[in-house]
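Q: First the structure, then my questions, so here it is.
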Amino acid sequence: MFGRVLVAMVTPFTPDGDLDLKGAQELAAHLVDKGGVDGLVVNGTTGEAPTTTDAEKAQIIRAVQEAVGDRTQILAGVGTNSTRHTIELSRQAEENGADGLLVVTPYYSKPTQEGVENHFRQVANASGLPALLYDIPGRTGTAIDTETLLRLAEHPRIAGVKDCKADLLATARVIAETGLDFYSGNDELILPLYSIGGVGTVSTVGHVVGNEIKAMLDAYDEGDNKEALRRHQALLPVITAIMTREPGAVAVKAALTLLGLPAGPVREPLAGATPELINELKALF
């Protein structure tokens with residue numbers, strides 16, 4: 001539904017920490033027109049959504065939609081640990097031109113599976129937009145159980161899952177028994193998940209290697225498994241630097257800055273990239 005290579009886009013800020021909407025438009029256009037990207041996810045964690053206001057979130061959607069909305073799919077991160085607030089953000093995203101929603105499992109409060117299922121159903125009922133569920137128990141404290149996913153797959157507007165659970169057995173079962181589109185949220189698992197029936201990725205490193213990810217998936221589609229593996233292995237140093245040293249938003253903003261693309265600083269409580277990380281990124285880019 002949304003393409004294969006989606007990027008969880010950073011939110012560019014000015015040096016003073018304000019929204020850089022012109023920079024967001026420039027970055028979005030670069031990713032879509034030159035970066036090999038099929039779709040953009042704005043207002044996600046990589047976009048530092050915990051630090052942006054609801055009004056800023058609306059501004060970001062409108063700006064990106066204005067820049068590239070006729071050339072790509074735009075999904076809006078709307079997940080919070082309040083069902084009521086998530087519904088409000090979902091409706092706001094629809095009003096401002098988003099094509100779909102990314103809805104994370106309610107975090108910190110650790111609801112039961114009944115509560116998780118009810119949350120997702122209410123959000124899916126609240127707008128006319130298709131939704132990707134975001135399963136990332138390492139951040140939220142709560143996984144979406146397999147049986148819960150099987151039931152939620154019956155909802156007409158629940159289109160798929162951004163999968164960061166890294167349980168390929170459970171994922172394979174849901175893929176086999178439903179029509180849900182599974183996108184890898186773990187950059188190191190893009191190819192493994194694709195090989196068992198996933199459809200692509202919602203990537204952080206795709207900001208800087210989107211074309212390389214696309215070429216890897218193309219090679220697999222063409223039956224050239226050796227070339228797909230070679231490309232997967234070539235991506236590992238970039239994935240290591242951006243996803244394992246410091247928070248992804250910090251590292252990818254540093255990489256974008258090195259490449260002369262709009263990014264700006266991060267908002268607190270995140271801290272800027274260390275000199276050690278910047279040197280590692282310089283060696284790659």
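The values are calculated or read from the model by the stated rules, or taken from the named source; none is laboratory data. Model, not experiment: these values are computed from the prediction. Heads up, the Cβs are rebuilt from the backbone with ideal geometry, glycines too, and the neighbour counts pull from every protein chain shown. Heavy atoms of the whole protein, side chains included, go into the accessibility calculation; ligands, DNA and RNA do not. Shrake-Rupley method; radii C 1.70, N 1.55, O 1.52, S 1.80 Å.
Q: Is it fair to say THR51 is more than 23 Å from SER127 (Cα to Cα) and either among the basic types (Lys, Arg) or touching a Lys or Arg at 6+ places or on another chain (Cβ under 7 Å) (or both)?
A: The answer is yes for THR51.
Q: Moving on to the next point. Just for helices (runs of 4 or more DSSP H) wholly inside the stretch 109-173: which have at least 3 residues that are closer than 19 Å to THR80 by Cβ?
A: Numbers: elements: 113-126, 137-140, 146-152.
Those helices (runs of 4 or more DSSP H) span 113-126, 137-140.
Q: Shifting gears a bit: Which residue pairs have Cβ atoms under 7 Å apart, sit 6 or more places apart or on different chains, and have a first residue in the stretch 239-257 that is farther than 24 Å from ASP20 by Cβ and open to solvent by 10 Å² or more (accessible area, probe 1.4 Å) and a second that is assigned to a helix (DSSP H, G or I) and among the hydrophobic types (A, V, I, L, M, F, W, C)?
A: Short answer, once both residue conditions are applied: ARG245/ALA251; ARG245/LEU277.
Q: Failed condition for SER109, given (1) under 22 Å from THR204 (Cβ atoms); (2) open to solvent by 10 Å² or more (accessible area, probe 1.4 Å), with all others met?
A: Among (1) under 22 Å from THR204 (Cβ atoms); (2) open to solvent by 10 Å² or more (accessible area, probe 1.4 Å), SER109 violates only (1).
Here's the yes/no breakdown for (1) among the charged types (D, E, K, R); (2) in contact with a helix residue (DSSP H, G or I) (Cβ under 9 Å, 6 or more places away or on another chain):
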position	(1), (2)
ARG121	yes, yes
SER127	no, yes
PRO130	no, yes
ASP135	yes, yes
ARG139	yes, no
THR142	no, yes
THR146	no, yes
PRO156	no, yes
VAL161	no, yes
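Q: Which of the helices (runs of 4 or more DSSP H) found entirely inside the stretch 182-252 contain at least 3 residues meeting this: out of contact with any helix residue (DSSP H, G or I) (no Cβ under 8 Å at 6 or more places or on another chain)? I'd like the intermediate steps shown before the answer.
A: Numbers: elements: 190-195, 206-221, 225-244.
Here the list reads 206-221, 225-244.
Q: Quick test of your reading of the structure: ILE61 fulfils all but one of (1) free of Cβ contacts under 8 Å to residues at least 40 places away in the same chain; (2) assigned to a loop (DSSP other than H, G, I, E, B); (3) crowded, with 16+ Cβ neighbours inside 10 Å. Name the failing condition by number.
A: Just one mismatch for ILE61, condition (2).
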